[in-house]
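Presented below is the structure to which this report refers.
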Amino acid sequence: MSKTKYSTDHEYVRLEGEVGMVGISIYAQEQLGDIVYVELPNVGVKLSKGDEVAVIESVKAASELYSPVSGEVIEVNEALNDDPALVNTDAQGNGWIYKVALSNISELDEMMDDAAYTDFTS
Amino acid sequence: MNMNSTGRPTRADKTSSSKNAEIKSAALLPDEPLLFEIGGYEHSGVDLFEVEINDEFLGGFERKTSLDLPGLSEPECLRHYVRLSRLNMSIDAGIYPLGSCTMKHNPRLNEKIARLAGFADIHPLQPVSSVQGALEMIDELALWLMELTNTSAVSMSPKAGAHGELCGMMAIKAALEAKGQGHRSIVLVPDSAHGTNPATAAFLGYKVRSIPANKNGVVDVEAVIAALDDDVAAIMLTNPNTCGLFEPDVIKIADAVHDAGGYFYCDGANFNAIMGLVCPGDLGIDAMHINLHKTFSTPHGGGGPGAGPVVLSKALAPFAPVPFVKKSGSDLSLIEHVNDSDSFGRLTAFHGQIGMFTRSLAFMLSHGKDGITQVAYDAVLNANYVRVRLQKVFSLAFGDQACMHEVLFDDSFLKGTGVSTLDFAKAMIDEGFHPMTMYFPLVVSGAMLIEPTESESKKTLDYFCDKMLELANDAIAGNVDRFKQAPKYAPLARLDETLAARQPKLKWTKS
Amino acid sequence: MRYLPHSNIEREQMLKAIGVNEIDELFKVVPASVYKKKSFELPNHSPEFLVQAKLEAMANKNLCAANSAFFIGGGAYRHHVPASVDHLIQRSEWLTAYTPYQPEISQGTLQALFEFQTQVANLMAMDVANASMYDGSTATAEAALMARRITRKKKIILSSSLHPQYKDVVKTYLNDDGKSEGDLICLPDSEDNKGNISSLIDENTAAIIVQTPDFYGHLRDVKSLAEAAHAQGALLIVVITEIISLGLLEAPGSMGADIVVAEGQSLGNPLNYGGPFLGLMATRQKYVRQLPGRLCGETIDANGKRGYVLTLSTREQHIRREKATSNICTNAGLCSLAFSIHLSLLGQKGFVKLARLNHARAIAMVKTLEKIEGVELLNKTFFNEVTLRLSKPANEVVEALAKKNILCGIPVSRLVPNEPRLENLLVLAATELTTDQDIKILASSLAKELS
């Protein structure tokens, strides 16, 4: 089973080997309401933890996504260009935003696991 | 992420308002198809001579792409646009209490004056000797603006309020550079500010430093002092502010900013509350735009055109953009080039929104200085009257205090009712009102910002307040349906803004 | 006072209800040192007929186009506006409505905007147009900024024959005088397009900005410029100041333009001494999220009925604040409505006829004027505007003819002073309103002036 960690800013990272799949939590998509557009990063961009990496737009608000981990973007979820609603319907599955080759895997240690995040958002 | 969930629900709830289907459009509100569905490619409502031309001077650039522009005969055209017009709310048809937008009466004399051939049918580049009356008109309006603000310079060319902000902030930037202070990179903006303020600052490459409002809805001088340093270029402060309150510390704030080497840009969107009573020049402002379409009654026209002249302090005047009118004796000339002056440049082709100037000047001359003071008095009187009539049920955002020209409520009185500010606004539509400004300013939850303006009679205000109280009491009593289903009596039910944004359809195409 | 509804008795009643004795108590938060301190040197209120008389007196001092033989263009053109256009835009529901923030009771404005956007996009053969900008010059500057956002490159190149005031506005918006070899390259004003713009495009170029018909009236080969720009990953921005030209000339969208901006005043809007005007802006679908300004889009209501809303507003300042695409917070609403009504009346049939008529009048003007000694026509191509080289400084001629009620054009030196090579150039335009009689009057006076 893959390991999912959460940041206090409501991003999640799901670890698959050395690669982290990043998106926003189910809780976060509920708070934002209907997502109408996701501005994706470019593949190849090198990120430090905390860098602004994407923008998630609802009709009436735009929220910047800060990368919860450092590394290089190796893939982005092109499906969101046609169907941004995936972030609403399947935030932690098909609604992922980008995949990153982690440069510092220990950053995950500071993040919350499922139980801690559930606590955090309740 | 920054979890920016500010705003309001945007998707029409199909289950709650599907009952609307039984309410047919009234006989006077027919559905109107699109121009492209009723027009014809062979139709035209204009008679023109057919001419023979050859391609001698066309260089092979003749149009080959189809135009796809259907035409209408004159009667069809009138009917199309008259029928469409009936789907709009307007000030002439009822109170339009949009806070911060100042939907006051638009006198028809203004329209008549703007259409005089001597103003409407003159070209911006005809010889200055042939348009002395136009320059006199611009000069007279400039004089009124400087006199009412107690400033010594005004730049007339900005085309709208936000364009005026650019003008003022560019003058500030130029002045700082001239003083060797070009390193200053921060602009202070209160978090209640209109979105154009931070957008303007960012446009010019400044970083925005937010200043919080205190519990009374105004900015403390201490909060400004704490944010000031050698990197601050300016503060952009709206006064009266977007919460409808006069900033009591404004003079101290101006002094503190000046002492720190910065400038004071005042957003003059709400000048209508204090004109004839308080001169912004006396408050220490360096630049302030004046929305002629708010304060001086030019029509909003469904979203423009506006006009945003900017008054300037002596310190900034040398940096004003071209063009400007210069008076020597009775002779008026137009300075159109920067040459060796300190002017920061040009903000628009030609000379500004002349058609708005004529309207504003007609308004000023009609009111005179006594009337302009009365306008401010009545605007403030009306807002406070609405405040005291509603505040027993509605929740004032910043407690029981006098307001200026607009009154701000939050949504705490709706807590637990299941009715949101949006629902409430839509229910107002069913009562025949245009809703107030909602969800702005962002600093209070579910903001409801009501600006009646001086144009509303006591009878209208009483009726408005009666209905508002009835709605509020109904919400509190738990009668949620009328809110969730609203509007029921508008041409359309709530629109699906999510669909519009997810699958943008921005022009008509043959299906 | 006629615009204020309250009687003094009602004011008293309201003050009492508020709980204050006099109105000034509501202002007690204002520091006393600045409250009611200035005595204004301004007149008191005035009846309608006196205000009208005063303003009419000012208006009467101006030589209006209708009272002259008129040949001025240069970004503002005198065309006939059908009577029904002005009648319609003065209806209360159009004139006194606000921005359509409550779509359920603003469908008139919204549908009209949707129709306007479609008309503009079709005229230009572009995918999408916005709901309008302040005017053509500011739209040009916004287009330059938009190109920088799209390409993430900096260099903007302005063609030599772009309207000189448009150049100045771009310089101001970009905070760059274009003189040094920096991010803005501004080719020196010239009527013959000196300076090969294609050769200046490099891999750092965000966009080139080219006007056609250009300021001097020449038609420009947009297609080859598009190819040159695209080869380097740069965008082509096409500027049009005379929108009527699109009834006769190929649409920029069909020639490779990436962004098209235009002044739309020619349709529906009078000269107004230069404002308010109407900025048009259109682009390719893929760039829509970088487009500034309001956009209206189609959707459905809760009952599934078709309707319209302002959309994609996350680009705009009220949502994005300091991250917005522009600080613009308006469109030229009523001017765009006038444009749309005028174009609906014309239809493509009328629009094409109007364009042909304009071109025909310009040919008639040119054929007469070029016979005059001391006049040299500089155009091989034109639509309705041309440049003449006179045998003496053009501004002297313009001033002299104005005294005879002939407004004969724009001396280039008014817009580009201190350039001896441009001093004798006169730019003049003809439209459907230019009569044979006007041309005759101009020709005879011009001949006298130059002899």
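Considered as a group, the residues in segment B:301-350 that are away from every other protein chain (no Cβ under 13 Å) and of a type in the set (A, V, I, L, M) include one that is farthest from B:Asp139 (Cα to Cα), and that residue is B:Ala315. All conditions but one from (1) within 39 Å of the chain's Cα centre (by Cα); (2) more than 7 Å from chain C (Cβ to nearest Cβ) apply to B:Asn54; the one that does not is (1). Take B:Phe319 and tell me if it is open to solvent by less than 10 Å² (accessible area, probe 1.4 Å) and assigned by TED's automatic domain parsing to the domain that holds B:Met236. For B:Phe319, the condition - open to solvent by less than 10 Å² (accessible area, probe 1.4 Å) and assigned by TED's automatic domain parsing to the domain that holds B:Met236 - is not met. The set of residues in segment B:358-375 being of a type in the set (S, T, N, Q) and buried (at least 24 other Cβ atoms within 10 Å of the Cβ) consists of B:Thr358, B:Ser360.
Say whether the condition of being open to solvent by 40 Å² or more (accessible area, probe 1.4 Å) and more than 19 Å from the chain's Cα centre (by Cα) is met by at least one residue in segment B:186-202.
Of the residues in segment B:186-202, the ones open to solvent by 40 Å² or more (accessible area, probe 1.4 Å) are B:191, B:194.
When the remaining residues are screened for being more than 19 Å from the chain's Cα centre (by Cα), the result is none.
Within segment B:186-202, none of the residues are open to solvent by 40 Å² or more (accessible area, probe 1.4 Å) and more than 19 Å from the chain's Cα centre (by Cα).
Hydrophobic (A, V, I, L, M, F, W, C), outside the structural domain of C:Asp189 (by TED's automatic domain parsing) and open to solvent by 20 Å² or more (accessible area, probe 1.4 Å): does that describe C:Ala364?
Details: hydrophobic (A, V, I, L, M, F, W, C): yes; outside the structural domain of C:Asp189 (by TED's automatic domain parsing): yes; open to solvent by 20 Å² or more (accessible area, probe 1.4 Å): yes.
Against the criterion (hydrophobic (A, V, I, L, M, F, W, C), outside the structural domain of C:Asp189 (by TED's automatic domain parsing) and open to solvent by 20 Å² or more (accessible area, probe 1.4 Å)), C:Ala364 qualifies.
Here is the figure for segment B:183-205: residues that are in contact with a strand residue (DSSP E or B) (Cβ under 9 Å, 6 or more places away or on another chain), of a type outside the set (A, V, I, L, M) and within 11 Å of another protein chain (Cβ to nearest Cβ) total 6.
When every residue of segment B:265-274 is checked against the conditions, none turns out to be outside any helix (DSSP H, G or I) and open to solvent by 10 Å² or more (accessible area, probe 1.4 Å). Of the residues C:Phe70, C:Phe40, the single one that is crowded, with 24+ Cβ neighbours inside 10 Å and aromatic (Phe, Trp, Tyr) is C:Phe70. Within the set B:Val221, B:Val208, the sole residue that is under 30 Å from B:Gly446 (Cα atoms), within 11 Å of chain C (Cβ to nearest Cβ) and open to solvent by 10 Å² or more (accessible area, probe 1.4 Å) turns out to be B:Val208.
Being more than 7 Å from every other protein chain (Cβ to nearest Cβ) and in contact (Cβ under 8 Å) with a residue 60 or more places away in the chain is a description that applies to C:Ala143. Only residues that are open to solvent by 30 Å² or more (accessible area, probe 1.4 Å) and either within 13 Å of chain C (Cβ to nearest Cβ) or in a strand (DSSP E or B) (or both) were counted across segment B:411-437, and they come to 3.
Residues are listed down the side, and each one gets a yes or a no for (1) in a helix (DSSP H, G or I); (2) assigned by TED's automatic domain parsing to the domain that holds B:Val250; (3) touching a residue at least 12 places away in the same chain (Cβ under 8 Å):
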{"residue": "B:Ala307", "(1), (2), (3)": "no, yes, yes"}
{"residue": "B:Lys327", "(1), (2), (3)": "no, yes, yes"}
{"residue": "B:Phe344", "(1), (2), (3)": "no, yes, yes"}
{"residue": "B:Ser360", "(1), (2), (3)": "yes, yes, yes"}
{"residue": "B:Val375", "(1), (2), (3)": "yes, no, yes"}
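Only residues that are over 30 Å from C:Gly268 (Cβ atoms) and surrounded by fewer than 16 Cβ atoms within 10 Å (Cβ to Cβ) were counted in segment C:44-67, giving 4. Do we have any residue at all in segment B:464-485 that's within 30 Å of B:Leu34 (Cα to Cα) and surrounded by fewer than 19 Cβ atoms within 10 Å (Cβ to Cβ)? Yes, there is a match, as at least one residue in segment B:464-485 is within 30 Å of B:Leu34 (Cα to Cα) and surrounded by fewer than 19 Cβ atoms within 10 Å (Cβ to Cβ).
What's the total number of residues in segment C:309-325 that are among the polar types (S, T, N, Q) and facing chain B (nearest Cβ under 7 Å)?
Here is the first cut: in segment C:309-325, the residues among the polar types (S, T, N, Q) are C:311, C:313-314, C:317, C:325.
Okay, now just the ones that are also facing chain B (nearest Cβ under 7 Å), so C:311, C:317.
Of the residues in segment C:309-325, 2 are among the polar types (S, T, N, Q) and facing chain B (nearest Cβ under 7 Å).
Inspection of segment C:53-64 finds a residue satisfying the criterion of being over 26 Å from the mean Cα position of the chain (by Cα) and more than 7 Å from chain B (Cβ to nearest Cβ). C:Arg78 meets each of the listed conditions (1) in contact with a strand residue (DSSP E or B) (Cβ under 7 Å, 6 or more places away or on another chain); (2) of a type in the set (D, E, K, R); (3) not in a loop (DSSP other than H, G, I, E, B) apart from (3).
The set of residues from segment B:346-393 being under 28 Å from B:Met156 (Cα atoms) and of a type in the set (Ser, Thr, Tyr) comprises B:Thr348, B:Thr358, B:Ser360, B:Ser366, B:Thr373, B:Tyr377. Note on segment B:66-95: residues that are facing chain C (nearest Cβ under 7 Å) and open to solvent by 40 Å² or more (accessible area, probe 1.4 Å) amount to 6. What are the residues in segment C:162-191 that are touching a Pro at 6+ places or on another chain (Cβ under 8 Å) and either surrounded by fewer than 20 Cβ atoms within 10 Å (Cβ to Cβ) or not in a loop (DSSP other than H, G, I, E, B) (or both), if any? Result: C:Thr172, single match. Residues in segment C:73-95 that are surrounded by fewer than 23 Cβ atoms within 10 Å (Cβ to Cβ), within 7 Å of chain B (Cβ to nearest Cβ) and under 27 Å from B:Glu140 (Cβ atoms): C:Gln90 only.
Taking the condition of being hydrophobic (A, V, I, L, M, F, W, C) and more than 8 Å from every other protein chain (Cβ to nearest Cβ), how many residues in segment C:289-308 meet it? I'd like the intermediate steps shown before the answer.
First, pick out the residues of segment C:289-308 that are hydrophobic (A, V, I, L, M, F, W, C): C:291, C:295-296, C:300, C:302.
If we keep only those that are more than 8 Å from every other protein chain (Cβ to nearest Cβ) too, we end up with C:291.
Here the count works out to 1.
Where residues in segment B:438-456 are touching a strand residue (DSSP E or B) at 6+ places or on another chain (Cβ under 8 Å) and of a type in the set (Val, Ile, Thr), which of them is surrounded by the most Cβ atoms within 10 Å (Cβ to Cβ)? Step by step, filter segment B:438-456, then rank; the result is B:Ile450. Here B:Phe350 does not fit the description of being open to solvent by 10 Å² or more (accessible area, probe 1.4 Å), in contact with a Phe, Trp or Tyr (Cβ under 8 Å, 6 or more places away or on another chain) and among the aromatic types (Phe, Trp, Tyr).
Find the helices (runs of 4 or more DSSP H) located wholly in segment A:19-122 whose residues include 2 or more that are β-branched (Val, Ile, Thr), and list them. Spell out how you get there, then give the answer.
Numbers: elements: A:26-32, A:79-82, A:86-89, A:114-121.
Answer list for segment A:19-122: A:86-89, A:114-121.
Residues in segment B:243-263: is at least one under 22 Å from the mean Cα position of the chain (by Cα) and either basic (Lys, Arg) or within 22 Å of B:Pro158 (Cα to Cα) (or both)? No, because not a single residue in segment B:243-263 is under 22 Å from the mean Cα position of the chain (by Cα) and either basic (Lys, Arg) or within 22 Å of B:Pro158 (Cα to Cα) (or both). Residues in segment C:354-399 that are within 8 Å of another protein chain (Cβ to nearest Cβ), without any contact (Cβ under 8 Å) to a residue 12 or more places away in the chain and basic (Lys, Arg): none.
Show me the helices (runs of 4 or more DSSP H) found entirely inside segment B:442-511 where at least 3 residues are out of contact with any helix residue (DSSP H, G or I) (no Cβ under 8 Å at 6 or more places or on another chain).
Values: elements: B:458-476, B:481-484, B:497-502.
Per the criteria, B:458-476, B:497-502.
The values are calculated or read from the model by the stated rules, or taken from the named source; none is laboratory data. Please read these numbers as outputs of a predicted model, since none were measured by experiment. Reconstructed Cβ throughout: ideal geometry from the backbone, glycine too, with neighbour counts over all protein chains shown. When the accessible area is computed, the model is the full protein with side chains, heavy atoms only, and any ligands, DNA or RNA have been set aside. Shrake-Rupley method; radii C 1.70, N 1.55, O 1.52, S 1.80 Å.
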